[in-house]
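In what follows, a structure is listed as structure tokens, so that the remarks can point back to it.
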Amino acid sequence: MVVLAASIISKSGKALVSRQYVDMSRIRIEGLLAAFPKLVGTGKQHTYLETESVRYVYQPIEGLYLLLITNKQSNILEDLDTLRLLSKLVPEYSSLDEDSICKTAFELIFAFDEAISLGNKENVTVQQVKQYCEMESHEEKAHKLMMQSKINETKDVMKKRASELDKIRMEKGKLDKGGYSSISGPRVIEKTFGDMNISGSGFGSGSSGLSGIGADMDSFATKPKGRPSAAATAPGKGFGMKLGKSQKTNQFLESLKAEGEVILEDVQPSSVSSRSSPLIPSDPITVTIEEKLNVVVKRDGGVNNFDVQGTLALQVLNDADGFIQLQIENKDVPGLSFKTHPNIHKELFNSQQIVGAKDPNRPFPSGQNETPLVKWRIQGMNESNLPLSVNCWPSVSGNETYVNIEYEASEMFDLNNVVISIPLPALREAPTVKQIDGEWKYDSRNSVLEWSIILIDQSNRSGSMEFIVPPADPSTFFPISIGFGASNTFSDLKVTGIHPLKEGNPPKYSQRVRLVAANYQIV
């Protein structure tokens, strides 16, 4: 058998990924791929077809074709076996849509090369191909660990040096504050009690502290009532480090703020926050359930794209707690399809909705990293399922453009941290906001008006905003980008219990559920 090329093409014949295993010009392969959709008949159950020179062996995968081009003398059974292997490899590296295929083109080509060598199928499995493509090297890991240890050592030396410099600056500042930075050695005790200055030997911070006491006693004994002395009111003239910002620096920062830049002020951390450490999961097992939305809505109504992708990930702190199975349940949603990790027992999951390892003697991975176990996708949803709908109505009146924007949220979700970003034409000044439900901020550098609502619940399912800008084309205010989060999901998937595989009580666990708008646009 000789495979001439392995390709992924669209229904119209557009080549997304193609790997040739013989010397073949680009014009010839593009011609063969472009001719394929015209040769495929509707209603036929065959998975191959032949022309005068080549044979096409193909498999539809959603809106695409996985295609092998072979010579007519090849063994059709081996061709089908190769096609089955490639069809299992593609979902491991990419989602089954054009954008994802193009983004992971090199990963797919490398996987194809491991499965096919010089046009002949290699005797490998999917797991072996993934292992070969990862190309883990013990020497490389050791080298990275050594480099990281050197970097850490350098950072420690820098921190020690920085702390020494800070101590020197603090000592200089204290000396300058007392006004005796140039004085060293013991002070002379004066004649009378009223003129007495109590001081130490002038070393370090003790000198400034004692000299300050002497100055207070001197002013207390000699100054008349009601008249402050010049020594008490005059500031010290030391030349130590000055804290604070100059007037020019403040003006520069204010101008940056006016342009929409975010300026981080120098704030001394409190003693409480400085002692706080990063949060560590308190429960031995943490389950994270997340759904991401990829939505593109037309400005005049209708949905271009509505895709929901979910993940169930598991974090186990100790190896001993990894011998478990997860009992899950979910809502029956049309268009919902699941995909489990290769090490998960698929029959057990499909029949009883239990997430468990194929090998019961092999625990789930432990550590601080989450391990994705189950993925799902919901397709076929329409405009009525949108969590948030936004309408924009720009209208030109004289020398001004009035823009009215309104939102309407679904009863299904309570949305938090909602940010609606509206692009604007280039403006000299911020737009005039006449009315708003929530808060607004103008980013002058990117010319974007951000409308933010902290929480949308039963009290504010709908809201509006009106602002005025100079005359502009209505298409200037699109696309509108929306970001938000929610604490429940479309699938309503959750873990109802954990079953230990060894004797003992089931370990404690916690689960986090969130819905995130990864890409939500009005175009």
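The values are calculated or read from the model by the stated rules, or taken from the named source; none is laboratory data. The model shown is predicted, which means the values in this text are computed figures rather than measured ones. So basically every Cβ, Gly included, is an ideal-geometry build from the backbone, and we count neighbours across all protein chains shown. To get the accessible areas, we keep the full protein, side chains included, count just its heavy atoms, and leave off ligands, DNA and RNA. Shrake-Rupley method; radii C 1.70, N 1.55, O 1.52, S 1.80 Å.
Find out how many positive minus negative residues lie around THR82, taking Lys and Arg as positive, Asp and Glu as negative, among other residues whose Cβ is under 10 Å from that of THR82. Net charge in that neighbourhood comes out at -2. Placing a label point 7 Å from the Cα of ASP300 along the Cα-to-Cβ line, the residues of segment 456-499 whose backbone N sits under 19 Å from it are 473-480. Roughly how many Å is it from the Cα centre of segment 302-376 to that of segment 392-445, as a whole number? Here the answer is 40 Å between Cα centres.
In this structure the amide hydrogen of ASN417, modeled in the peptide plane, comes within under 5 Å of the amide hydrogens of LEU455, none closer than 5 places in sequence on its chain.
Too long at a 26 Å Cα-Cα cut-off: which of LYS11/LYS339; LYS11/LYS346; LYS298/LYS375; LYS88/LYS141; LYS14/LYS339? Result: LYS11/LYS346; LYS298/LYS375; LYS88/LYS141; LYS14/LYS339 exceed 26 Å. For segment 384-486, with all protein chains in place and a probe radius of 1.4 Å, 46% of the accessible heavy-atom surface sits on carbon or sulfur. The loop-placed GluC sites (Glu not before Pro) in segment 421-450, going by DSSP, that have at most 12 neighbouring Cβ atoms within 10 Å of their Cβ come out as GLU429. Neighbours of THR340 by Cβ distance under 11 Å: Lys/Arg scored +1, Asp/Glu scored -1, total +3. In this simple spin-label approximation, LYS141 and GLU30 carry label points 7 Å from Cα along the Cα→Cβ vector, and these lie 4.5 nm apart. The mean sequence distance of close C-alpha pairs (under 8 Å, at least 6 residues apart), as a share of the length of segment 71-169, puts its relative contact order at 19 percent.
The distance separating the Cα centre of segment 1-42 from that of segment 146-176 comes to 62 Å.
The apolar share of the surface of segment 20-102, taken as the fraction of accessible area on carbon and sulfur atoms (1.4 Å probe, ligands and nucleic acids excluded), comes to 49 percent.
Along the charge dipole of segment 384-486, which of GLN435, GLY463, ILE480 sits closest to the positive end, that is, farthest toward it, with unit charges on the beta carbon of Lys, Arg, Asp and Glu (+1, +1, -1, -1)? Of the candidates, ILE480 comes out farthest on the positive side.
Charge dipole (Cα centre; +1 on Lys/Arg Cβ, -1 on Asp/Glu Cβ; no other charges) of segment 3-134 amounts to roughly 400 debye.
Neighbours of LEU32 by Cβ distance under 15 Å: Lys/Arg scored +1, Asp/Glu scored -1, total +3.
The calculated FRET efficiency for GLU92 paired with ASN505, based on their beta-carbon distance and R0 = 56 Å, is about 0.90.
Averaged per residue, what accessible area in Å² does segment 3-134 show with a 1.4 Å probe, protein chains only?
Per-residue accessible area for segment 3-134 comes out at 54 Å².
At an R0 of 51 angstrom, the distance between the Cβ atoms of VAL448 and LEU80 translates into a FRET efficiency of 0.45. Shown here for segment 365-432: trypsin sites (Lys or Arg not before Pro) in loop regions (DSSP other than H, G, I, E, B) with at most 16 other Cβ atoms within 10 Å, namely ARG428.
Given an 8 Å cut-off on Cα distances and at least 6 residues of separation, report the relative contact order of segment 384-486 as a percent.
Across segment 384-486, relative contact order equals 38 percent.
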